[in-house]
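Structure first, commentary second.
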């Protein structure tokens, strides 16, 4: 624990106009740890006092309990009788439910409950301890914008309760995005340039896909109508990529060309035969997209005795994980509207992918971005030992890819999404990356590894540009050094890597912009030639995506999203996601490079280390803060710990 100057907390309380008298002491909790408690004679609600203290004191110095009294018990000597002060209810939850106090807090509580999938949210509940992550934060901010309010997403990490956030919620600007169909060319974004730079053998067959199941027959006319309406509303879904004068152009198809063919295929035979037949047919659909001709959205309905299976294949150039959430939510809404015979309507568009790409090129020469050059130069200067493989091969085709996986139990996943983060104020990405680093150290014997980290790429770096409901490929991909040289002290290692991740500017989005959009003469001689062997991507939680109505996720295989002839970009691709309340981690590798037993060993290490971190974090009795928690970018971990010893 920390030695804390109680008089400093008392002084800050007495600075508040509504506080007449204050005394701060400590009591023992159930685990015999000292816990702060404040007693006040005041005109304000204690919750308001706590919020006021958070503005002047670090979180660890804000008492969990503030008890309001009419008068203090006194000793014969005229001092406050500490022994006679009423004890707090130690069994009570320190974040006991407190109802919203105005219409905005009421709205926020409802949105949080819906997005996070919990029954009730109070104004002191912590967004990330309830299972939130940055992707759910985007969904929350999008819903808020639709209701006429706005929130800077960075503030959610700084003020993760509704009571703390409330002063920063503002009325949304009346300036809305242009609602007419977008036409013309679009500048290629960094991740799209990465795609074309790789020059994959089969660029046309590089999709993301979803398979849905309807126990009853789907109406193909409605599916067609809904998809065409979606493609009018979400302009990026109408993009094509013709080659003109040796250059790939990104251009919108006109709305008048917006014709979607919905293939309906009858599938008969034994159940096993039907499943195999659907997979074979789905492969053909997945391989049929043309980048030059379009459309880049390919649907197919497979009609079986067990109901209909709807394949939705979309080329990755125009969609990503966050975009799928928007796509499916809108698809379900429009499908229900059409069935009821209603006019098809969606919430207003946010700014277009075209406008976003244009503004990104302007940002590429801004002082804000150029200030990141020193950081990225330092990251790229680290020399790391290349990943050792069992075999060397020139054949990098996807057809040699094998995937292994592990799944956590619902209980373990619940801990990972919620309780784990109280110990060090981490998020799920921190924990999974620390587990990856520990596993790499055990597997290879090396302390340091460079990986490609993928993020959603929707960081709020462009003023007055809102893409919370915009479909497109926004993904950011950037190098991250996993330095595990402190692994012998797990607590310190967690704090160390958490701080390293917090120091990445704007969640890494600037790396791709610097590499692909900033003019060479302004790059500051950075050598962008580092190609990590490992990529990591946490996709978030998918349980809320599909369900309700007559459509649910199909258990049948949706076919090959990526062409077997295409090259594998990384030696290892590690992907995490939560579905059906369980964390699933997949590891894709090249079986001409790695033996199966080698990858099974790595997978077992990764699963073990995720569980070790869960166990370690939930067993901690107190929260340990790091410099990023107190908003000081210049403070080192060692300096902070020395400061703690002073209090």
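Rounded, prolate or oblate for the range 299-388? Axes are the square roots of the Cα gyration tensor eigenvalues, ordered a ≥ b ≥ c, and the cut-off for rounded is a/c under 1.5.
The shape class here is oblate.
Once R0 is set to 22 Å, what does the formula 1/(1 + (r/R0)^6) return for the Cβ-Cβ distance between residue 399 and residue 600, expressed as a FRET efficiency to the nearest 0.05?
0.55
At 222 nm, what helix-only mean residue ellipticity would the chain give, in deg cm²/dmol to the nearest 500, using -39500 (n - 2.57) for each DSSP H run of four or more?
Calculated at 222 nm, the ellipticity per residue is -10000 deg cm²/dmol.
For the range 190-353, what class follows from the C-alpha gyration tensor (a ≥ b ≥ c being the square roots of its eigenvalues): rounded when a/c is under 1.5, otherwise prolate if a/b is larger than b/c, else oblate?
Judged from the Cα gyration tensor, the range 190-353 comes out oblate (a/c at least 1.5, b/c at or above a/b).
Consider the candidate values [x] -0.51, -0.84, -1.42; [y] -0.59, -0.82, -1.13; [z] -0.70, -0.90, -1.26; state which one is log10 I(q)/I(0) by the Debye sum over Cα atoms at q = 0.07, 0.09, 0.12 Å⁻¹ computed from the structure displayed.
Correct label, based on the coordinates given: [x].
Let me have the relative contact order for the range 103-171, percent, based on Cα pairs under 8 Å that are six or more residues apart.
36
Can you tell me the orientation of helix 637-646 relative to the chain, as the angle in degrees between its alpha-carbon axis and the longest Cα principal axis, to the nearest 10?
20
Apply 1/(1 + (r/R0)^6) to the Cβ-Cβ distance of residue 194 and residue 370, taking R0 = 22 Å, and write down the FRET efficiency to the nearest 0.05.
Between residue 194 and residue 370 the formula returns 0.60.
For the Cα atoms of the chain, what angle does the longest principal axis make with the long axis of helix 596-618, in degrees from 0 to 90, nearest 10?
Helix 596-618 sits at roughly 30 degrees to that axis.
Tell me the relative contact order for the chain as a rounded percent, counting alpha carbon contacts under 8 Å between residues six or more apart.
Result for the chain is 17 percent.
Stretch residue 280-residue 621 to full length: gain in nm at 0.36 nm per residue minus the Cα-Cα span?
117.4 nm
Quick one: grab the alpha carbon gyration tensor of the range 135-180, order the square roots of its eigenvalues as a ≥ b ≥ c, and give me rounded if a/c is under 1.5, else prolate or oblate depending on whether a/b is larger than b/c.
Taking the square roots of the gyration eigenvalues as a ≥ b ≥ c, the range 135-180 is prolate.
Report, to the nearest 10°, how far helix 134-146 tilts away from the longest principal axis of the Cα atoms in the chain, using its own Cα long axis and a range of 0 to 90°.
For 134-146 against the chain, the angle is about 90 degrees.
Taking R0 as 25 Å, what's the FRET efficiency between residue 345 and residue 263 from their Cβ-Cβ distance, rounded to 0.05?
Computed FRET efficiency for residue 345 and residue 263: 0.35.
7 Å from Cα along Cα→Cβ at both residue 80 and residue 392: what's the point-to-point distance in nm?
About 7.3 nm, to one decimal.
When the chain is fully extended, how far beyond the present Cα-Cα distance does residue 567 get from residue 178, taking 0.36 nm per residue of separation?
The residue 567-residue 178 span can extend by a further 136.1 nm.
Since every read-out is calculated from the coordinates, none of them should be taken as a lab result. Predicted model, so just to flag it, every value in this text is computed and none were measured. Counting neighbours? That spans all protein chains shown, and the Cβs are built from the backbone with ideal geometry, glycine included.
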